[in-house]
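Bear in mind these aren't lab numbers, they're just calculated from the coordinates by the rules spelled out. This structure is a prediction, so every number in the text was calculated from the model and none was measured. Positions of Cβ are backbone-derived with ideal geometry, glycine not excepted, and every protein chain shown enters the neighbour counts.
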Amino acid sequence: MTVLAVAEHRRGELRDVSLELVTAGRRLADAYGTDLHVAVVSGNVDRYADDLNRDGIDAIHTVNFGEEFNHDVYVQALEALAADLAPRVLLAPHTVNGLDYAPALASRLDYPLVTDAVDLSVDESLVVTREMYGSKVETTIEVASERALVTVRPAEWPAAEGVGDAPVEAFDAAVDESAVGSTVTGFEEVAGGDVDIAEADVLVSVGRGIGEEENLDIIYDLAEALGATVSASRPVVDNGWLPKNRQVGQSGKVVTPDVYIAIGISGAVQHVAGMKGADTIVAINDDPNAPIFDIADYGIVDDLFEVVPALTERFS
């Protein structure tokens, strides 16, 4: 009996959540005293397996069928692999793709499904921690079943490190092509999809403290000086000053940059849920009691209209 984590890739790139799943899976496997296995389905599976091979993985299983995510392929392949491995817990990413196949897979396997986990532990049974009411309340769910499928929220676990030497085993899932009802023919960016803030190393993020749309110029100047990407909290997007794809937070995107500079952002829980995984958080706010300072590594309590131009000059 094992713990099985399902890696995720998109457009030829392994996604960060895959390495986070390795960390979550390893901790859970240790709690059970069992092995951690990882599944890679579709695409350049050998390269993905090599990129995934980290300390703590006991085996990697590849299913070489198709190039991109396909609901029917994933459900068939993972059902067959689970039948072979009989995992005690199957971990999937809490993403658009993960939430696409996880319910169907759980139904086929007769596993209870628990979504959006932010922590996992084992007492007498599996205990899953989730957040409710805009991340204001944490709840725990004790899973009475011997087996479960759990989707894991991105950016809640650190990415696995250390080069591993787990064996990579090709798995013949015997996918029934006649049961595959769709085919990916290409990708088209949605309107406003000029950048993907989730891929940025440095984010300069602006909140309602900027006051007016015209004042965004100083934010763009700082971002240019730092080679950073501009993002925002929800009020800026709701005002139409920046497009939806720039929004960080529970109703926007989860980001994990090396540096996150929060400018004029108070730090509401909904926003913090989307950026607390950043390596270094810098907050600039004239309110010394702003909640953002509770999670910031560095804080500047001052007028952003004085601080931001000074930083731009310093880094230009």
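I'd like the FRET efficiency for Asp50 and Arg11, computed as 1/(1 + (r/R0)^6) with the beta carbon distance as r and R0 of 22 Å, rounded to 0.05.
Values: r = 18 Å, r/R0 = 0.82.
The pair Asp50/Arg11 has a calculated efficiency of 0.75.
In sequence order, the stretch 92-107 has phi-based couplings of 10, x, 8, 10, 4, 5, x, 6, 6, 9, 4, x, 5, 5, 4, 5 Hz under the Karplus curve 6.51 cos²θ - 1.76 cosθ + 1.60, θ = phi - 60°, and Gly or Pro positions carry x. May I ask you to list the aspartates and glutamates whose Cα is less than 19 Å away from that of Lys136, ignoring any residue fewer than eight positions away on the same chain? Within the straight-line limit of under 19 Å, Lys136 reaches these aspartates and glutamates: Asp116, Asp119, Glu156, Asp294.
Translational diffusion coefficient of the stretch 86-169 at 10 °C, 1.306 mPa s, Stokes-Einstein with Kirkwood Rh over Cα pairs, in µm²/s as a whole number. Could the numbers behind the result be given before it?
Details: Rh = 14.0 Å.
My calculation gives 113 µm²/s for D.
Semi-axes of the equivalent ellipsoid of the chain are 39, 21, 17 Å, computed as sqrt(5λ) over the eigenvalues of the C-alpha gyration tensor in descending order. Beta bridges from DSSP with both residues in the chain: antiparallel share about 25 percent, rounded to the nearest 5.
With all pairs of different alpha carbon atoms counted, what Kirkwood hydrodynamic radius in Å does the stretch 197-315 show? Write out the running numbers ahead of the final one.
On the way: mean 1/r = 0.0733 Å⁻¹.
Evaluated on the stretch 197-315, it is 13.6 Å.
Positive end of the dipole of the chain (Cβ unit charges, origin at the Cα centre): among Ile284, Ala179, Ile60, the Cα lying farthest that way belongs to Ala179. The C-alpha atoms of the chain define a longest principal axis, and helix 71-85 lies at about 60 degrees to it. Computed over the alpha-carbon atoms, the stretch 2-179 gives an Rg to Rh ratio of 0.94, Rh here being the Kirkwood radius from the mean inverse distance.
Assigning unit charges at the beta carbon (Lys, Arg +1; Asp, Glu -1) and nothing else, what dipole magnitude in debye, to the nearest 20, does the chain show about its Cα centre? Walk me through the numbers on the way to the answer.
Numbers: 20 positive and 56 negative charges, 129 e Å.
So the magnitude is around 620 debye.
Protection proxy ranking, highest mean first, for peptides 31-41, 144-154: 31-41, 144-154, where packing is the per-residue count of other beta-carbon atoms within 10 Å, averaged. Ordering Pro167, Ala83, Ala29 by the projection of their Cα atoms onto the charge dipole of the stretch 2-179, which places +1 on the Cβ of Lys and Arg and -1 on the Cβ of Asp and Glu, puts Ala29 at the extreme positive end. If every alpha-carbon in the stretch 27-87 counts as one equal scatterer, what log10 I(q)/I(0) does Debye give at q = 0.22, 0.27 1/Å? Log10 of I(q)/I(0), two decimals: -0.94, -1.15.
In debye, nearest 20: dipole of the stretch 197-315 around its Cα centre with unit charges on the Cβ of K, R (+) and D, E (-)? So the magnitude is around 580 debye. Between the helical axis of 217-226 and the longest alpha-carbon principal axis of the chain there is an angle of about 60 degrees.
Gain in length, Asn239 to Thr183, computed as 0.36 nm per residue apart minus the alpha-carbon separation, to one decimal in nm?
Extra length available between Asn239 and Thr183 comes to 16.4 nm.
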